[in-house]
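The structure under discussion appears below in the form of structure tokens.
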Amino acid sequence: MTEFFFAQHNCKIQCRRGILSPTAAPNGDSFGEGIRLLHFFATLQSPCLSAGAVSKQPRNRPLRFHAAETCSRSAATLLELVIVMTILGVLLSFGIPSFQLAIEQSRAQVASANLEAIWSAQRLYWLANRTYAPDLATLQSAGMLDPSLGSQTFFIYEIASADANTFVATATRVSNVKWNGTFTIDQSGTLSGVLSAPPQQNITAGFE
């Protein structure tokens, strides 16, 4: 920057002394050399104006700049954006099914735990009455089962059959676009049943 101001100051002094006259005829060599000297030092201060950015003009002609050679901002092209979006789509197509399977598996485990809670309540009820409860309301009114069990979001629980020796409780998946099926538990505490949603793998009752 110091060299630039020094050259500019030097040119002004020469103009005042008559060596470089800004009103001289455009064909004067000193005028053209002075302007080119100023422009040379100006390019040192601006990264956008390189030596190649100035047209090689004959002497004593106005300086011209190429607009195409000025600084340009880097930006993503449409092709690059399409490639990135395609890669993201492929990754999501692999990741989303696995994520949905993991969520449904966790819901199935909650259903299995609730069926085991019903089994425990039925065992307590049998010890007190020597028979199994015919429905969930009986167990809930006896204080042996959580009252909120009958208002679950993803499964419907009920006692399908019960007598003095056996019972079967079920957990049926609420109507869903993909997953369907029923889990069961009997008086021995055995869990069975599957949830299916082709082409996904089946989810079995119990804990995995």
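Can you tell me how many residues within segment 196-208 are buried (at least 19 other Cβ atoms within 10 Å of the Cβ) and closer than 26 Å to Pro134 by Cα?
Filtering segment 196-208 down to residues buried (at least 19 other Cβ atoms within 10 Å of the Cβ) leaves 197, 203, 205.
Right, trim to closer than 26 Å to Pro134 by Cα and you get 205.
Qualifying residue count, segment 196-208: 1.
Against the definition (small (Gly, Ala, Ser) and without any contact (Cβ under 8 Å) to a residue 40 or more places away in the chain), how does Gly95 come out, yes or no?
Values: small (Gly, Ala, Ser): yes; without any contact (Cβ under 8 Å) to a residue 40 or more places away in the chain: yes.
Yes; evaluated as a whole, the condition is true for this residue.
Test of understanding: among Ala171, Ala117, Ala102, Ala121, which residue is at pLDDT 95 or above, under 23 Å from Ala197 (Cβ atoms) and not in a loop (DSSP other than H, G, I, E, B)? Steps first, answer last, please.
Numbers: Ala117 fails: under 23 Å from Ala197 (Cβ atoms); Ala102 fails: at pLDDT 95 or above; Ala121 fails: under 23 Å from Ala197 (Cβ atoms).
Only one candidate passes the filter, namely Ala171.
Of all residues in segment 124-137, which are assigned to a helix (DSSP H, G or I) and surrounded by fewer than 18 Cβ atoms within 10 Å (Cβ to Cβ)? Break it down stepwise before answering.
Step one: of segment 124-137, the residues assigned to a helix (DSSP H, G or I) are 124-129, 136-137.
Result: Leu124, Trp126, Leu127, Ala128, Asn129, Ala137.
The values are calculated or read from the model by the stated rules, or taken from the named source; none is laboratory data. Just so you know, these numbers come straight off a predicted model, no measurement behind them. Note that each Cβ is placed from the backbone with ideal geometry, even for glycine, and that neighbours are counted across all protein chains shown.
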